[in-house]
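Written out below as structure tokens is the structure these notes cover.
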Amino acid sequence: MSAGVDQLAFAAEFTLFLAALAGFAVVAVRAELVAGDQRARAALSFGFLAVAAAAFLHGSLLVEDGAAASAAPRLAGIAGILVGTLGARNDPAARRWLWGAAAFLTAAEVVVLASVEVDLQLVDVARVIGAAGIATSLVGATRRSIPARVAASAAGTVLVVVLAVSVTLSAVVVDNVQEEALTRVATRAEAEAGFVGLQQASASLNARIGALVLGSSRDAGAAQRLVTLNAAPSSEAGVQAAVSVQADLGTLVGDLLNAGSRLAFVAEGGATIVDPAAPDANNLQAEISGSAAVRAALQARRQEVTPGIVGDAAVAIAVAPILLNLPGRSFVGVVYASEPLDDAYLTARSSLDEDVALALIAGDRVYSRSPGFGSDAAALEVAREVLAGATDTRRMVGDRLLAGAPVLAGERPVLAIVTSAPTSLVDSTRESLFRTLFLVALGAALLATLLAALVGERIGAGLRRLTAAAGQIRAGDLSAEANVDRVDELGVLGTAFDQMSGSIRAMTGDLRAAAADEARLRGRLEAVVAGMGEALMAVDGNGRVTDFNAAAEELFEVAAPAIRDREVGSLSIVGPKGEDLTEWLRKPRIEPWSTTATIVQHDGTEVPVAVSGGAVRGPEGEIDGGVVVLRDMRRERALERMRTDFLSNISHELKTPLTPIKGYAGIMVHRKLTVPQARRFAEDILLGASQLERVIGQLVNFATVSSGQVELRTEPVAVREILEDVERRWSPQLSDAHPLSVRVGRSTPAALVDRRYLQLALDELVDNARKYSPGGGPISLEGRATADGTAVELSVADRGVGIEGTAMSGIFGQFAQGDGSATRSFGGLGLGLPFVQHIVDAHDGALAVTSEPGRGTLVTVTIPSDTTTPGAGAPRKARAAAPRPRSRRSTTERRT
């Protein structure tokens, strides 16, 4: 029975109870107004009391079959009323109202006793009409007496208030309890859909572990067996490999998986190896091996995770590719893992709450269920709505509460999980409430009716309070109270009213707590969105910005308060063809979309981004706005340019020395040479090999230093000793066109450095000075103390080609070249200055470059001196990777 039918039945019986009770009170107090002789009075008293008792028994649900139990006293009461009216002295109109009321009440009881197939709501309506007839008759009978009219008016007002309050409270409470029960079942359905996601995650983890173990690069034999099994599964070696893979699968299943889980290897050619010890009901392993997920993983060589129906079973499947580290062979097949979503799984899940039963449904079939689920017909209807995208599938069918939630494969619902719970909580709450309301109404009505004539005007104020409070509750203010501070019957009624109001507040407390939990969850989700590394922006159906996280503020250089509630068109998002992508947000598309774009900031800076967008649907499925995520691609573009520069530089630097090595070696193999010629060619080959060795050394040294894995061994070293050592090493390598000179200022303190790494840095600077002075010119090394004496400055100067102003900002970038073309005049990897920068940073120093095109370049290294740095000689770990931002002089400086 629905809540509306219950409320109508309660209202009908409650109204009839109050009307009959009022009639009994009037006969008991002023019988002369409605009856003639003593027998008529007795008959009316009995009739009204019997009708009131029958309404009380049926309406308060004190007996199981209330309709049958109340039929006899109700018919007896109707007969008593009819007998009593035969000797009545009241006006004929009042008597006719009583006869009409008796007719409607009799018709209702005849329908109930005869079990006629009539809508029970019509029976309740007939009882309401009968109660109205009794009330109208009493009002007409008391018109001739002012005291009776006062008493009747006061009593009638109280009874109407009690009726209104009771009906209102019963409606609110029953609706709230039913809504709470449905919400609980729906929440459980959503939670169980989430737990199916955990089954998918478990299958994914098992599949990846299986793929890693079977394709382990540490066991070359295991990898070769997979290759053999894939290439020749029917050969003797293939059969032996299959046995070995079966053993490995058995070990993994025994060590990793839960009961009912499956693990198997599917070769690229289609051969399938399963755990021989695992039961395979309904040939499930073969069904999974041929499933769309396995085929997709084999074809795309990537991981697939999906729940769904395979054969006659609901399972969560994950497929992981096996990638080998073998020459010429990297992919041999996949490993799939499956987690069952069968009756046993649902039974285990439903054991957490014995009142809730579960079922997994797809199409028009229930694939698994827990005990006590109930009828399939209503569950299938709920499942169809869930799979069709319905957001609210809660309902009460018979004695069960049902709700459903989708199990998604990506964005597509593939299964529906339906929860079912008995309505016992709603029924027991309704019965208890009706019983309480009737008991309270019984006491309140008796007291109000018997003392109405005594209280007179005094009752007015209390009634107004009760009426006002009832109106507030009807309007939804459940905190309203009558607060009738009196010791008489009206005070008792007010107290009862306040207790009922308190019961409402208590019953709705849980709902408010649930709403608070939901608000906290929403707050956490908003915090997650605010902390996202990618920019997120949401708009409403009118194209106005509703959400703008911190990453979006940084990307657009716009504060969230400044853009929120404004048109999204105030931002500049340009598509790959120059189109304005804000139009896509102003009118969101139904299907998800993604593209590349360019954001134009207020200062004109263009930022490349990857954009993904989707629509937000409202309660009715309409497009209610959109969400877009923007990912800053500047770093990716920079990395791509770095990779391109690296490949260009390394290919150039490797080809340059390889060309003479290959040429002279070919000459020496195919021609007869004199000893001087062979020696000269060998010297050139040796020079090329040295150049290759230097390139490789540069890469190794740069990788070591930039990774932060260098452990410096600092010690005090005289600056003159450092520079003269550089002079000794480089003087034999420099021609007369590049004279090398060393100057060290007086009183220059010792530098606290790692000698080896500082020499490597100075070697790079001297090599750059030579390379970028193709026309010759002196190279000078100078050392001096800083003005405050806390550090030492080492400088390398040349009079070469210098650096153009436009190239100055990028000289510290990795693989950077002033001329990046394949025909550039100067070789090199572009790692020299970045390498020096890393070494200087590791020493807590500073690096500065000044240059003037055509006049030369000056590079100055500033490092701590021994006089200010304690703990000389102690090992110190070099800081990692990217050089920290620092201010470098980029102005040109003319040197004489």
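Length gained on full extension, Arg634 to Val83: 188.6 nm, using 0.36 nm per residue less the C-alpha separation. The packing ranking, built from the mean of other Cβ atoms within 10 Å per residue, places the peptides 43-50, 299-306 in the order 43-50, 299-306, highest first. Highest mean first, the peptides 660-671, 103-114, 561-572 sorted by other C-beta atoms within 10 Å per residue fall in the order 103-114, 561-572, 660-671.
Classify the range 543-606 from the C-alpha gyration tensor, please: rounded if a/c falls under 1.5, else prolate or oblate depending on whether a/b exceeds b/c. Judged from the Cα gyration tensor, the range 543-606 comes out oblate (a/c at least 1.5, b/c at or above a/b). Per-peptide packing, taken as the mean over residues of other Cβ atoms within 10 Å, places 315-323, 595-603 in the sequence 315-323, 595-603 from highest down. Neighbours of Ala559, meaning other residues whose beta-carbon lies under 15 angstrom from its beta-carbon, give a summed charge of -3 when Lys and Arg score +1 and Asp and Glu score -1. Model label sites at Ser731 and Leu198, defined 7 Å from Cα along the beta-carbon direction, differ in position by 7.7 nm. Backbone phi angles across the range 396-411, fed through the Karplus curve with coefficients 6.51, -1.76 and 1.60 (θ = phi - 60°), yield HN-Hα couplings of 10, 10, x, 9, 10, 9, 10, 7, x, 8, x, 9, 9, 10, x, 9 Hz in residue order; Gly and Pro are listed as x.
Each reported figure results from applying straightforward, stated rules to the coordinates on display, with no laboratory input. From a predicted model like this one, the values you see are computed outputs, not experimental measurements. Because the Cβ atoms are built from the backbone with ideal geometry, glycine has one as well, and the counts that use them run over all protein chains shown.
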